[in-house]
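Take a look at the structure below.
The values are calculated or read from the model by the stated rules, or taken from the named source; none is laboratory data. This structure is a prediction, so every number in the text was calculated from the model and none was measured. Heads up, the Cβs are rebuilt from the backbone with ideal geometry, glycines too, and the neighbour counts pull from every protein chain shown. We work out accessible area using only protein heavy atoms, side chains counted, and drop any ligands, DNA or RNA first. Shrake-Rupley method; radii C 1.70, N 1.55, O 1.52, S 1.80 Å.
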Amino acid sequence: MTRYFLEVAYKGTAYSGFQLQENAQTIQEEVEIAFKTLQRASVSMTGSSRTDAGVHARQNFFHFDYDHSLHEQFVYKMNAILPSDIVIRGVKEVAADAHCRFDALYRTYCYYLYKSKDPFLDDRAWYFPYRLNQDLLNQAAVLLLTYQDFTSFSKRNTQVKTFICQISESNWIENKDYFIYKVKANRFLRGMVRALVSTMLLVGRGKLTIQEFKTIIESKDCTKASFAAPAHGLFLEEVIY
């Protein structure tokens, strides 16, 4: 039996998330159907990062075990079968015990906001036409580097055993038309990036002070944070092994 890593990218607008679900269209379902169509065999795939409904990815991974050879034009054929909003970037044979979720060292997410109304960004960024103080945003972002427990920024209905995350990069980038929040960590909690964005935006608008933001982090109470940021502004940018 050979194990493979499969690199995918997708626009998540039409899907109920990355991971297989009953009675819902997901990225995993589409990829497994395409595999079965091409290879005439079923495999069960394991995902690296379980992005929520509407969230996009420039890079994500599956791993799967398969005891026959792959089609000689596997990537090309898979992409011909898959819908236009999912693409296979590559497939690679790996060690038998390699795990695309647990072996990942870091993941990077970006959240995109745009300042002026633009119908071409409507499903890939959050229209946010409010005045923001970038200095305050970055003070909040840098503060996150000094913490490890992010219970306040995790949705309640989660089965994780720990809320500890090691954030190694956290900053806001501004240009003429956009604000982008970039965050890199060894792991993320359910809803974490969107909650961080939503709550920091309150700081950037002057509705929360840095001290109040700090109090929210230390409260370890998700009812204190904001989860208002919509899914469509969030991109999983990179998974590093």
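Say whether the condition of being of a type outside the set (D, E, K, R), touching a residue at least 40 places away in the same chain (Cβ under 8 Å), surrounded by 20 or more Cβ atoms within 10 Å (Cβ to Cβ) and assigned to a strand (DSSP E or B) is met by at least one residue in the stretch 186-199. There is no residue in the stretch 186-199 that is of a type outside the set (D, E, K, R), touching a residue at least 40 places away in the same chain (Cβ under 8 Å), surrounded by 20 or more Cβ atoms within 10 Å (Cβ to Cβ) and assigned to a strand (DSSP E or B).
Total residues in the stretch 72-96 satisfying the condition of being exposed (fewer than 13 other Cβ atoms within 10 Å of the Cβ), free of Cβ contacts under 8 Å to residues at least 60 places away in the same chain and assigned to a loop (DSSP other than H, G, I, E, B): the figure is 3.
The residue that is nearest to I173 (Cα to Cα), counting only those in the stretch 99-109 that are in contact (Cβ under 8 Å) with a residue 40 or more places away in the chain and surrounded by fewer than 21 Cβ atoms within 10 Å (Cβ to Cβ), is T108.
What number of residues within the stretch 1-43 are surrounded by 16 or more Cβ atoms within 10 Å (Cβ to Cβ), of a type in the set (S, T, N, Q) and either touching an Asp or Glu at 6+ places or on another chain (Cβ under 9 Å) or in a loop (DSSP other than H, G, I, E, B) (or both)? Counting residues in the stretch 1-43 that are surrounded by 16 or more Cβ atoms within 10 Å (Cβ to Cβ), of a type in the set (S, T, N, Q) and either touching an Asp or Glu at 6+ places or on another chain (Cβ under 9 Å) or in a loop (DSSP other than H, G, I, E, B) (or both) gives 3.
In the set (1) modelled with pLDDT under 95; (2) open to solvent by less than 40 Å² (accessible area, probe 1.4 Å), F62 fails one condition alone, (1). Quick check on the stretch 201-209. Is at least one of its residues open to solvent by less than 20 Å² (accessible area, probe 1.4 Å), in a helix (DSSP H, G or I), farther than 25 Å from C100 by Cα and not hydrophobic (A, V, I, L, M, F, W, C)? Yes. Put simply, of L201, L121, L196 the only residue that is under 15 Å from the mean Cα position of the chain (by Cα) and not charged (D, E, K, R) is L196.
Of all the criteria given as (1) touching a Lys or Arg at 6+ places or on another chain (Cβ under 8 Å); (2) open to solvent by 10 Å² or more (accessible area, probe 1.4 Å); (3) outside any helix (DSSP H, G or I), the one not satisfied by I216 is (3). Inside the stretch 112-165, can you point out the residues that are more than 20 Å from L236 (Cβ to Cβ), in contact (Cβ under 8 Å) with a residue 60 or more places away in the chain and outside any loop (DSSP other than H, G, I, E, B)? Within the stretch 112-165, Q134, L136, L137, Q139, A140, L143, D149, T151, S152 meet the criteria. Can you confirm whether the stretch 56-64 contains a residue that is assigned to a loop (DSSP other than H, G, I, E, B) and either in contact with a Phe, Trp or Tyr (Cβ under 6 Å, 6 or more places away or on another chain) or not acidic (D, E) (or both)? Within the stretch 56-64, not a single residue is assigned to a loop (DSSP other than H, G, I, E, B) and either in contact with a Phe, Trp or Tyr (Cβ under 6 Å, 6 or more places away or on another chain) or not acidic (D, E) (or both). Taken as a whole, the condition of being open to solvent by less than 10 Å² (accessible area, probe 1.4 Å) and either part of a loop (DSSP other than H, G, I, E, B) or acidic (D, E) (or both) applies to A229.
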